[in-house]
Structure formats: C-alpha cells, structure tokens
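Since the structure comes first, as structure tokens, the remarks are kept for the end.
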Amino acid sequence: MNFSFGRLIAVLRKELREYRRSPFIVGTMALLPLVFLVEPLITIFRIGPSVGASAVDKAVGATFLVLLIAPALLPAVIAAYSVVGEREQGTLEPLLTTPLRREELLLGKALGVVVPAVAMAYVLFAVIQLCARLFASNAEVVAALGQGPHILAEILFAPLLAGWSIWVGIGISTRASDVRVAQQLGTLSSLPPLAVVALVSFNVFTPSVTLAVVFALVLLVADVILFRIVSALFDRERLITGARAQRHITSPGTVRHIPRVGGSDHG
Amino acid sequence: MVERGLRVAIVVEMATRAAGEVIKTPALTVDHLSKRFGERVAFQDVSFSVASGEVFGFLGPNGAGKTTTVRTLGTLIAPTSGSATVAGIPLTSDNGPEIRQRISIMPENPGLYKRLTVIENLELFAGLYGQRNPGLRIKEALEAVNLTARGRDLCGSLSKGLRQRAGLARALLNDPAVTFLDEPTSGLDPVAAREVHDLIIGLRERGVTVFLTTHRLEEAERLCDRVAILNTTLRLVGRPDELRESLFSRSLLVETLAPLAAPDEVFKSTEGVETWRPDGASSYVLTVTDPRNIAPHVTRALVAAGADVVSITESRHSLEDVYLQLIDEDPEASRR
C-alpha cells in the first residue's frame, strides 16, 4: 500500500479542526503575534530621522530576529503536543489501527502546524512593513526592511525554521510520556537555528542573497534529515505499550482444543 | 423494535460487502504465537483459527494477554514468535497497512476526539480508509448504531454509552472482514448493551468475522459461536456447550420430600447411574451417562423405594462455571 495524499489530507484536516477548537492554541495564536508585533514596532518608531546607520542596522536586525522567533517558537510548542497529546487522550491507538502510514501521519501533523505558523509569520512581516512605510520617521529603516535579502530571508526562513521546530518537537513528542515536559523540551530545541539567524540579523555575517540561500539550503537539508530521524523514531509498539519489541523463541504449552461438531477447528 | 431491525439490516448490508472475498478461507489463523515484553510474557504459544463469519469470544482474567493478542493481530505490535494470517493476509510488518485496511479494531476506550463532532471523527477515519463516498458511509454507520440525531454533537459532550456507539460506528466504516471488539459493552446500560448485541448478531448473519473480547460471560455465551479462554497460554477453545460437556460430567439433581432411608441401594441399582453424592438433607446429585434417558429410570426407582419425588432436573453448567473451573485450576492465576 503506497503513500496516500488522501490520508495525509485527512490528518491535516483533523489537526486544523482540533486547533480551531483548542482554547490553548487559539489563545496562543492570537496573543503571540501581538507580542511579536509590539516590540519591533516600538523599536522602529523610536528611531529618529537623524540616527546613524549602525543603530538602524541594529534595529532592523532585532526586528527580523523577532519576526523569525515567532515561526520557530510556536510550532515547537504545538508539535511537542502532537503525539504525546494523542496518547494522553487515548486517540492514538484507534488512529494506528487504520492503514495510515507513519510518514502520512507525521507529515499531516507537521503541515497542520506549519500552515498556521507560517501564515502568522508572513502576516506579521506584512503588517510591520506596512506600519514602517506609513509611520516610521527614518527613511533608512524603511529601506533596510525592504531589502531583497531581508525579504528573501523572511520568506525562506519562516517555513524552514518552523520545519526544524516541528520535527524536533514531534521527535520529542514520540518519546515523551508527559505533555508539559515535551513542550518545554520542544521550546528549548527550537533555539539553536535562531542563534545563526541572530548572527545574520546583527550583521556578524553580512546579509546577502547568497547567504540567505545557502542558509536556507542548510536548513532544508536539516529538515529532511530530521523528518527521516523522526520517522525512524516513530515506533508503533513503543507508543502503544511503552515497550520496545523484543524477539524470543518460546517453548510450546498445552491447550485443549474442542473440535467443532461436523467440521475442523478452522471451520 | 422495527427500528432496531432496520439498524441490524443496515449493519448487515454494510458488513457483507467486504466479507464475501474471504468467505472460503479462515478469517484468522494463529499458529504458536507468543509475545514477550522483556522477561514478561504477555501471551505464549497461542494457536487457534476463526472461520469467516464466526463470532469468536476471547475470554480471560485481567492481564491474561487478551488485549495484547488483539493488538498483535491488528499489527499494532509485533509478535515475538509464531505466525498468523489476518483476513487472509500473513501477519508481517510489511503487510500491516493491507491488514489494517481490511479489519477494524474498537478498543475498550473508543478514543474519540472530544473537540470534534461525531461526524467529524468519522470523516477523519473514512478519509484514512480511503472511502470514496464518505458521506453515505458515515450516514449508514450512524444509522446502524442509532446515533444519527447526535452526529453534530461534540464527542466530549456524549455519555459513555453514546461514545461507545460512536466507536462502533467508526469500526463499521471500512466494511471490515474482521472486526475486533474489545469489551464493546463495557459501561453500557442494559438497553444499550442489547443494541450492541443486536449489531454483533447482524454482523455474524452476513459473514463478518467478529473477534469479541469480553468479561461478560453471559454475553459470550449468548453471542459467540466459539470461545477461547486465555490465561497467558490458551487454556481451551471450543463451543460453549462443548466446553461444558468436556469439563463437567453430566448429572441429575434429585430432590425428595424426605431423606431417603437407603439412598445407596436405590441409586446403585438404577440403570445408568454411575455415582451419586448427597447435596443437602434430601437432595442428591447423580452422575449419569445420559440425563434425559436415565431420569425416568431414577423416577421409577425412587417411587419403588417409597420416596416422594419433588423434582428431578438435569444439572446445567454455565460458561461461567467453565471459566472459573479453568482459571481456578490454572497455576498462572494464583500468581496474579
């Protein structure tokens, strides 16, 4: 039985429906953008018309860093819940009794997280661009925010950073036995790629189209490798019973078979 | 009553479609199957087969390995040794998706998404089974379990009985050739349990194999063509009446108005009576070869001895007696 996009879509639809009705996720999705919107806007609006180039670079760097934290942090929390949460509410076993393949389940769950997270990141970015053009008093800030490498980085990094966080989060979720522990570990593990983003944002590496593409490719490869690792970690038996499969040859016991009347035991 | 009959008919129609393909072959064959978790034996050397269309009861005390057996046959966990075929497909890890496409498993806890409605839950599973006309299938499944009116309710708002019904509707979605029902009437009131029984009977009538794990022995006795009693190893497999006969000698219960003066003389001289023992002041248990034919001889002997006969009845043992006898004599049971 081959990979089925129909089953993947079924999982994705279920995930989005569940998120829509989860007060925790709806609350997080509503509040987090506000938090991530306010800080960059204050930073941008505080820069006066006569501020030097280095201060502008710092402000723009900080803005992009904050904008990329959002798609890295939020998916980590939700993805960390994905498998252990199903276990806790007793829905994992019925799910695994269907023809659903682990790759279909994992990709369906990942897409369910990445779609709202990336949508949120892009909307945030668009709102900040718009606000900067309308209200920022420093023309250099507006120009820096609209630079090609920055825009490209935002477009590429948001889904790729989300992908990293999601796979790490799901990986933790397949091995964790407690939702809170999974979410805490998931949040922490989303930080390493952000360190690299921070170096670029603060001009430790000079942002360029080439650098953005190279870093995006590295993230893409990392995401694919993580997906493979998480698929391998997804052990149905461990998830259902909490124990890993072990093979032993056992000696036969005794059983009394009462033959069926007028037929064999098979009948 | 008419409504219940209609529901059974719907289930029967739904279930028949897939069942036809495997009608000639056993739905399940299990050959020396074992499962260990480290040093702990879940079940060991289990062998049996289940015919297509049979309702097969799987009984045993807590921790006997029933659920682990179901999970193993449902490809959720891998056996440690032994082999099996499920719905005609060899039980291997590669065949897992194909097997799961042809079976359904309803765990004791239905495991519904509480934030989704019943219909949304069923839509998910119809999608996972690749149903081409999910709307119709869901409608039929809901009608089959009499849950149509609650289809748009959130599962979190349903009572346990209704959730169980929703779980059953889910188990019917893919026209399963084999349905594994793990304690399907657990926590249900008698009316709801009766409805589930009707559904199971409907499935059997049109050839769907039902593997029923239950603690309710009267349920197994009423519904199952054959039962297996598991206590880590398989203790016994057979039809409930055959099990009774194999484990218990046939006997007559005799009650007289007053104690017999010389019961030994009366019973030993009566044709067909093998042994006898007192069972109270004026009651006696006679071991006989053929209770129906020996009863008139006993009656005549008692009358000839001047006894006033109150009753002579055949002693009947229930499946519960069989179960308790086997579990009591099982050394595994005392270690639990």
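Read-outs: derived from the displayed coordinates by stated rules, not from any lab. The structure displayed is predicted, hence computed values, not measured ones. As a convention, Cβ positions derive from the backbone with ideal geometry for all residues, glycine included, and neighbour counts pool all protein chains shown.
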(request) With everything on Cα atoms, drop me the angle between helix B:2-19 and the longest principal axis of chain B, reported from 0 to 90° to the nearest 10. (result) 70 degrees
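Going by how many other Cβ atoms sit within 10 Å of their own, how do A:V38, A:V141 line up, fewest first? It would help to have the intermediate numbers written out before the result.
On the way: A:V38 11, A:V141 23.
Ranked by crowding around the Cβ, least crowded first: A:V38, A:V141.
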(request) Provide the FRET efficiency to the nearest 0.05 for the B:L324-B:K139 pair, computing r from the beta carbons and using R0 = 45 Å. (result) 0.55
(request) Compute the acute angle (0 to 90°) between the alpha-carbon long axis of helix A:102-135 and the principal axis of greatest extent of the alpha-carbon atoms of chain A; round to the nearest 10°. (result) 10 degrees
(request) Grab region B:2-239 and count how many Lys pairs have their alpha-carbon atoms under 24 Å apart, sequence gap of 8 or more, or different chains. (result) 5
(message) Please check: in the Gaussian network model of chain A (C-alpha springs, under 10 Å), which one of A:V26, A:V224, A:V115 has the largest mean-square fluctuation.
(response) A:V26
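In region B:119-209, which trypsin sites (Lys or Arg not before Pro) fall in coil by DSSP and have 12 or fewer other Cβ atoms within 10 Å? Kindly include the intermediate steps, with their values, before the conclusion.
Values: sites: B:R132, B:R137, B:K139, B:R150, B:R152, B:K160, B:R163, B:R165, B:R170, B:R194, B:R204, B:R206; in loops: B:R132, B:R152, B:R206.
Those satisfying the criteria are B:R132, B:R152.
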(request) Amide H neighbours of B:R250 under 5 Å, at least 5 residues apart or on other chains, H built in the peptide plane: list them. (result) B:V288
(request) Please arrange B:S283, A:S4, A:S82 by counting, for each residue, the other beta carbons lying within 10 Å of its beta carbon, fewest first. (result) B:S283, A:S4, A:S82
(message) Net charge around A:I25, counting only other residues with Cβ within less than 14 Å of its Cβ (Lys, Arg = +1; Asp, Glu = -1)?
(response) +4
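Which whole number gives the average count of other chain Cβ atoms within 10 Å of the Cβ atoms across peptide A:83-92? Could the numbers behind the result be given before it?
On the way: counts 0, 0, 0, 2, 0, 0, 7, 7, 10, 1.
Counting Cβ atoms of other protein chains within 10 Å of each residue's Cβ and averaging gives 3.
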(request) Starting from the Cα of B:D225, step 7 Å along the direction of its Cβ; do the same at A:R20; then give the gap between the two resulting points in nm. (result) 4.5 nm
(message) Using a Förster radius of 35 Å, what is the FRET efficiency between A:L199 and A:A30 based on their Cβ-Cβ separation? Nearest 0.05, please.
(response) 0.65
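What translational diffusion coefficient, in µm²/s and rounded to a whole number, does the Stokes-Einstein relation yield for the protein assembly as shown at 10 °C and a viscosity of 1.306 mPa s, taking the hydrodynamic radius as the Kirkwood radius over Cα pairs? Mind dumping the intermediate values first?
Details: Rh = 28.2 Å.
For these conditions, the coefficient is 56 µm²/s.
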(request) Would you mind checking the tilt of helix B:319-328 against the longest principal axis of the Cα atoms of chain B, expressed as 0 to 90 degrees and rounded to 10? (result) 90 degrees
(request) Obtain the nm distance between the two label points defined at A:Q147 and B:K268 by a simple spin-label model: each point lies 7 Å from its Cα along the Cα-to-C-beta direction. (result) 11.5 nm
(message) So if a site counts as exposed when it's one of the trypsin sites (Lys or Arg not before Pro), its DSSP state isn't H, G, I, E or B, and it has at most 12 other Cβ atoms within 10 Å, what's the longest stretch of chain A without one?
(response) A:1-243
(request) Report the calculated FRET efficiency for A:V51 and B:A149 (r = Cβ-Cβ distance, R0 = 41 Å), to the nearest 0.05. (result) 0.05
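For B:118-129, what's the mean count of beta carbons from other chains sitting within 10 Å of each residue's beta carbon? Please list the in-between numbers first.
Numbers: counts 0, 0, 5, 4, 0, 4, 13, 7, 1, 12, 16, 6.
If you average over the peptide's residues, the count of other-chain Cβ atoms is 6.
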(message) At a 10 Å Cβ-Cβ cut-off, how would you order A:V83, A:V209, fewest neighbours first?
(response) A:V209, A:V83
(request) Loop only per DSSP, at most 16 neighbouring Cβ atoms within 10 Å: give me the GluC sites (Glu not before Pro) in region B:204-274, ordered by residue number. (result) B:E271
